Amino acid sequence: MFDAISLKKTGQPQAIVVGVLKGKGLGTAAKKLDTDGSMAAATKRGEATGELGSIAAAFPGNNKPAGRVLLLGLGNAKDLTIDGLRNAIAAAGRQLSAASVSSVRFELDDAIASAKLDDNDTFAAVGESLGLLSWRCETFRGTANPPSAKPKLAIIEGKAARTKSLQLGLGLAEGANFARTLSQTPPNVATPAWMFGEAKKLTKHGLKVTAVKGEALKREKLEGLINVGKASENQPHLIRIEYRPAKAAKTAKPIVLVGKTMTYDSGGLSIKVGGGMVGMKRDKDGGCGVMGAMLAIAKTIKPKVPVVALLCSAENSISDEAYRPDDVLTFRNGVTVEVTNTDAEGRLVLADGLCWACDKEKPAAIVDVATLTGGVVVALGSTFAGMWCDDDKLRDKVQGASDASGERVWRLPLHKEYRDMMKSPIADIINSNPNRKAHPIQGAAFLSYFVDEKVPWCHLDIAGTHAVEGDDGPYIKGPTGFSARLLARLAENW
C-alpha cells in the first residue's frame, strides 16, 4: 500500500484519522479539531456507524486541521482490543493509500481513554498495522504486469513516547514483512542455499550466521536433514543465526527458536496428489517466521538475553536417492524412527534441530515453529495456531507474546497416550500413524522424543495461520509472516 513509512515530529498533515467509538460521536479531543463543523456533519451520515473499521470522511473547508479527516469506527468501548485496533487502522490505511495521502496524524485520545487501552500499545499497533499493510513482493513482476507506483507516507506525531511506540510497531512489521517476502519467493529461487544466503545478509545487523551442510551433516548425525534432503540436487542446511547482546554473561542461556524450513515439499515418494503440491513453497514458513523474528530482535527489540535461531532447511524431492517408507533412521540422540510416510518430513528435520538445540546450545527454552499438520487447520481453522507446551512458565510467556502481537495461539494437550500412539513395532517410534486420531497432536508427540525433559519446550503448528486467502485486516492474499512478531515479543519480555 505504501512505498515507505517515515515519522515526523511536526507538520501539517494531509489527513487526520480520528477514532470514533460506536454511539459516542465526537469526543472532546476530536471536537477541538472540528473548526468548521464538517466532522460533526460527517458523524450524521449513514456510513458513520461507529462499527469497527467503518469510515466516514470529512473535508474541512478551510483545510484545517487537514484537508481530509477520516472518522474511523472503533466499535464499542468495552469490546475494543489492540488486535481490533490493528484491523481498524488497516481499513484507514487502505483509504489513505487509495487517496495517495502522503502525511497523516492519528487522533485516538478519546478512544484510548474510553476503552482504557495502553497508550504505548495503541501506537505500537498503529505502526504494526500500517507496516504490515505496506508489504508487497513484486520482485517477480515482468513486463506484462509491472509493479504499480505506491505513495510514501509520513506519520506526524509530536510526543516522544508515541514516536518510540510507532518505531517499535514498524520494526516488528519489518520483521514480519521480511518473513513474508521469504515465503513468497518461489522454490526455483528459494533453495536451502539461498535461504542461507538471505540469513547471511543479517550479519550487517550484528547477527552471527553459520550453517552445517555437506559432510558436516554426517559428522553431526543430522539424519533427518540428510535423508529428507538427499533426493534433491539442492543440499540441505542447518542454518544457525545468533543474537548475543554485548552485556550478556558468557554463561547466559539462550532462547532457541527452531524453524521448519522446507523450501519445497513434493511429499517425496509418498507423493502429494490432487493439486496438493501447489503452495508448498510455503512449507518453509516456520523458518521464515523465525528469520523475520531475528531481524526484529537484532534491529528493533535488542533484548538483554541471547537468542539462537536454527533453520532446518531441505527440499523434499523424488529421485532414486529418495528415502522410503520402511526406512529406519537413527537420530543424534539415539532415538530410532521407522518411516511410514515420507510426506511427514517436517518433523524429521525438526528433530535434528531440537537435538542440536539440547546438545549444543544449552538453552533456557526452545520454541519450534512449523507448518506441520493439516490436522491443526481442521481443529483450529485459521484463527489460532496450535500450541503444545507443558512448562507453565514458558507457556505463560508465549501466551503473553501472543496477546501482545495479536498472533493467536491455542493450547492443545500432550499426554503419554499420544506419545504411545507413535511407538513402532520395528524401531522406537514411527514418523506418522496412519490412524488419523489426534492428527495434529501426533506431530507434537513425535517431536517430544527429541527434547530433553529438563528443557522448557513449546511447539507451535502454524499450518492454519501462516497465510490468508484474501485481504484480511493488515494482510493481503498470501503469507502473514506468522510468529515473527510473536517470537520477537517473547524475546523482548523474557
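Read the figures in this text as sums done on the coordinates, not as results from a lab. Note that the structure is predicted; figures quoted are calculated from it, not measured. When we count neighbours, we look across all protein chains shown, and the Cβ atoms used for this are built from the backbone with ideal geometry, even at glycine.
Shape summary: the chain maps onto an equivalent ellipsoid whose semi-axes, from the alpha-carbon gyration tensor, are 44, 22, 21 Å in decreasing order. Can you pull out the cysteines in the chain that have no other Cys Cβ under 4.7 Å? Lacking a cysteine Cβ partner under 4.7 Å: 137, 288, 312, 355, 358. On the beta carbon distance between residue 29 and residue 102, with R0 = 30 Å, the FRET formula returns roughly 0.80. By the helix-only formula, in which each DSSP H run with n ≥ 4 contributes -39500 (n - 2.57) and the sum is divided by residues, the chain has a 222 nm mean residue ellipticity of -10000 deg cm²/dmol. Here segment 273-380 is treated as a sphere whose radius is the Kirkwood value from Cα pairs; by Stokes-Einstein at 37 °C and 0.692 mPa s it diffuses with a coefficient of 204 µm²/s. How much length would be gained if the chain were fully extended between residue 189 and residue 215, taking 0.36 nm per residue of separation minus their Cα-Cα distance, in nm to one decimal? Contour length minus Cα-Cα distance gives 7.0 nm. Comparing 81, 70, 129 along the charge dipole axis of segment 1-160, the residue lying farthest to the positive side is 70, per the Cβ-charge model. Each DSSP beta bridge with both residues in the chain is either parallel or antiparallel, and the antiparallel ones are about 40%. Here's the picture: charge each Lys and Arg Cβ at +1 and each Asp and Glu Cβ at -1 in segment 299-396, and of 355, 375, 331 the one pushed furthest to the positive end of that dipole is 355.
Each part gets one Cα centre, and for segment 301-360 versus segment 101-172 those centres are 38 Å apart. Placing unit charges on the Cβ atoms of the charged side chains and taking the dipole of segment 4-154 about its Cα centre, the candidate lying farthest along the positive direction among 39, 140, 90 is 140.
Apply 1/(1 + (r/R0)^6) to the Cβ-Cβ distance of residue 140 and residue 79, taking R0 = 45 Å, and write down the FRET efficiency to the nearest 0.05. Step by step, r from the Cβ atoms, then E = 0.65. Here the convex hull built on the C-alpha positions of segment 341-434 has a volume of 125 cubic angstrom per residue. Averaging Cα coordinates gives a centre for segment 25-74 and one for segment 190-247; these two points are 53 Å apart.
Estimated at 0.36 nm per residue, the fully extended path between residue 469 and residue 51 surpasses their Cα-Cα distance by 148.1 nm. One quarter of the surface of the convex hull around the alpha-carbon atoms of segment 67-126 equals 4.0 nm², the direction-averaged projected area. Rg and Dmax, both from the Cα atoms of segment 1-131 and both in Å, are 13.4, 36. Legend: ranking of residues 280, 195, 39 from fewest to most surrounding C-beta atoms inside 10 Å; resulting order 280, 195, 39.
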